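Report on the following structure.
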Amino acid sequence: MRYISTRGQAPKLNFEAALLTGLARDGGLYVPETWPQWSAGQFRKLAGKPYEQVAAAVTKPFIGSSLKTAQLDKAIAAAYGTFRHQAVAPLVQVDESLWLMELFHGPTLAFKDVALQLLGQLYDIVLKERGERITVVGATSGDTGSAALEACKNRQSIDIFILHPKGRVSDVQRRQMTTIEADNIHNIAIDGSFDDCQDMVKAMFNDPKFRDRVNMSAVNSINWARVMAQIVYYVTGALALGAPDRAVNFAVPSGNFGNVFAGYAARAMGLPIDQLIVGSNRNDILTRFFNSGAMKMSKVAPSLSPSMDIQVSSNLERLLFDLFDRQGKKLGQAMTDFRETGSFAAPKRGWAATAKLFKAYKLDDRETLAAMRDVHKRTGMLVDPHSAIGLAAALEARISGKGSATPTIALATAHPAKFPDAVEKATGIRPALPAHLADLLSRKERLSELPNDLGKVQDYVLAHTRLGHNR
Ligand SMILES: *Cc1c(COP(=O)(O)O)cnc(C)c1O
């Protein structure tokens, strides 16, 4: 399998190179040159099989010869062995035609673990073979930092540094990062805002001498391998409800469009998915896009679902690439114009099919709380604000008649205990942390505090990363 850039101007890469490269050199995102085509029989053979086995079968064609079968199997076993539910991504029935898929049984209680746990393993295998070592540097406003740290901890070829704004992340979020015991992970509390942290990470990437010296990398959401890992649960979910002999819908709370794009990829492989139902919070650029074909950038506003507080959904570019008939140059021009003018219109060709496949809904905070309250009243289930948005979008699609009678799986992207204040506000019940995290608030923390000073942070990284060893 070869990977091409959505902007058409970067070299084609194999899986290993696409994994290590992340963003393409022309500013585009890597996508498979062609989608693997699976027959109904190929899907049928995986029905009822353990998650790990489905993961191996689904990822294999994307990885090609970059990894040996035994290496891939081992990586998958290690990645999903960290999950607290044997099914990895279990389904819970909500009503006669609606299911919730719990993607939050990983170490940090959010769906990003599904992709990042595998990514950490794949990085380590590939780097060890090349005799290379990388330094991952990232900034977090609270949520993604812990998933990245958990994915990289104890990986021999990776050192990771996560910057967070001191005093501006919640106790639980900070402790999920600072109580991880591993020598290769480093938490830095910066005396500044999240933007200050992010600006410093950008400045480090833009400092070639520093970047090369530490072999700097990112594990961000545009990495193809993350999308690939997420295709797996679309397959297990659909198979459990009768695919390939019955079609299903998926409802997905969306920010960067990475999760729902994996559903699009599963469908492109031949999985019978009728509709992909997208849920947004008040930052609703995706909802506006799917309802009109036009996008207009506006300011990010904080909401009860902070992991979806995004205005430009980076992974949408992968869908737009197909909408532009895979003409990278044309898409590149459109994206440049979008950055300059703040608006974008989809090409008319192909739009009808896109509008039919995707249905999009928006919920503000009040509606999100109402959705959480409603599902609790009807079923006794506690859901987090992100998951509630996907669930409500699924119900809206059904009520409006725009959704078919097809069974729908709503993806639950975070454990309710990750957002206890919102859950309590909606239902009056404060969800408890799962048993393995119950003592989180009494565990020993490990972090360093640094001023908002690029030079000092760079010195710290240089002093603590394991340079040279593995080369
Ligand atoms: C990241 C995240 C999302 C959004 O996923 P995208 O792939 O960015 O669309 C939704 N819910 C939670 C809990 C998340 O952490």
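The values are calculated or read from the model by the stated rules, or taken from the named source; none is laboratory data. Bear in mind the structure is a predicted one, so any value in this text is a computation, not a measurement. Note: ideal-geometry Cβ built from the backbone for every residue, glycine included; neighbour counts use all protein chains shown. What goes into the accessible areas is simple: the full protein's heavy atoms, side chains included, and nothing from ligands, DNA or RNA. Shrake-Rupley method; radii C 1.70, N 1.55, O 1.52, S 1.80 Å.
What the table shows:
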{"quantity": "Estimated distance in nm for a label pair at Leu23 and Ala47, the labels positioned 7 Å out from Cα along Cα-to-Cβ", "calculated": "4.5 nm"}
{"quantity": "Region 148-242, Rg to Rh (Cα coordinates; Rh as Kirkwood inverse mean 1/r)", "calculated": "1.06"}
{"quantity": "Compactness of the chain, expressed as Rg and Dmax over alpha-carbon positions, Å", "calculated": "21.3, 61"}
{"quantity": "Other-chain or far-sequence residues with amide H under 5 Å of Ala139's (modelled H)", "calculated": "Leu163"}
{"quantity": "Separation of alpha-carbon centers, region 201-245 and region 400-442, rounded to whole Å", "calculated": "24 Å"}
{"quantity": "Equivalent ellipsoid dimensions for region 333-413 as semi-axes, Å, which come from the Cα gyration tensor, largest first", "calculated": "31, 18, 10"}
{"quantity": "Fraction of antiparallel bridges per DSSP, region 26-179 only, in percent to nearest 5", "calculated": "40 percent"}
{"quantity": "Cα→Cβ-extended label distance, 7 Å offset, between Asp171 and Asp195, nm", "calculated": "3.0 nm"}
{"quantity": "By average C-beta atoms within 10 angstrom, highest first, the peptides 35-44, 97-106", "calculated": "97-106, 35-44"}
{"quantity": "Calculated diffusion of region 15-91, Stokes-Einstein form, Kirkwood radius summed over Cα pairs, 10 °C and 1.306 mPa s, µm²/s", "calculated": "110 µm²/s"}
{"quantity": "Taking N as its residue count, the alpha carbon Rg of region 361-471 over 2.2 N^0.38 Å", "calculated": "1.63"}
{"quantity": "Nearest-0.05 FRET efficiency for His436 and Ser400, computed from C-beta distance (R0 45 Å)", "calculated": "0.65"}
{"quantity": "Built amide H within the under 5 Å cut-off of Ile180, gap 5+", "calculated": "none"}
{"quantity": "Accessible solvent surface per residue of the chain, calculated while the other protein chains remain in place, 1.4 angstrom probe, Å²", "calculated": "41 Å²"}
{"quantity": "Set Lys296/Lys425; Lys68/Lys444; Lys45/Lys74; Lys49/Lys128; Lys12/Lys330; Lys362/Lys425 screened for pairs whose C-alpha atoms are more than 28 Å apart", "calculated": "Lys296/Lys425; Lys68/Lys444; Lys49/Lys128"}
{"quantity": "Per-pair calculated FRET efficiency, R0 = 45 Å: Ala352 and Ala463 via Cβ, rounded to 0.05", "calculated": "0.20"}
{"quantity": "DSSP-defined beta bridges in the chain - what % are antiparallel, rounded to 5", "calculated": "25 percent"}
{"quantity": "Under-5 Å amide H pairs with Met216, H placed in peptide plane, nonlocal only", "calculated": "Thr135"}
{"quantity": "Surrounding net charge for Ile185, when Lys and Arg each add one and Asp and Glu each subtract one, Cβ distance under 13 Å", "calculated": "-1"}
{"quantity": "Percent of alpha-carbon pairs separated by more than 18 Å within region 74-137", "calculated": "48 percent"}
{"quantity": "From the C-alpha gyration tensor of region 265-377, square roots of 5λ in Å", "calculated": "27, 19, 11"}
{"quantity": "Length released on extending from Leu447 to Val300, taking residue separation times 0.36 nm less the Cα-Cα span", "calculated": "50.0 nm"}
{"quantity": "Residue-averaged [θ]222 nm for the chain, counting only DSSP H segments that reach four residues, each worth -39500 (n - 2.57)", "calculated": "-13000 deg cm²/dmol"}
{"quantity": "Computed over region 49-109, Kirkwood Rh from alpha-carbon pairs, angstrom", "calculated": "13.0 Å"}
{"quantity": "Length added when fully stretched, Asp73-Asp421, from 0.36 nm per residue minus Cα-Cα", "calculated": "121.3 nm"}
{"quantity": "Percent accessible area from carbon and sulfur atoms, the chain, protein chains only, probe 1.4 Å", "calculated": "49 percent"}
{"quantity": "Under Karplus coefficients 6.51, -1.76 and 1.60, residue-wise ³J(HN,Hα) of region 307-322 in Hz, glycine/proline x", "calculated": "6, 10, 7, 9, 9, 10, 7, 4, 6, 4, 4, 5, 6, 4, 4, 5"}
{"quantity": "Calculated SAXS-style log₁₀ I(q)/I(0) at q = 0.15 Å⁻¹ - region 178-319, Debye, Cα scatterers", "calculated": "-0.95"}
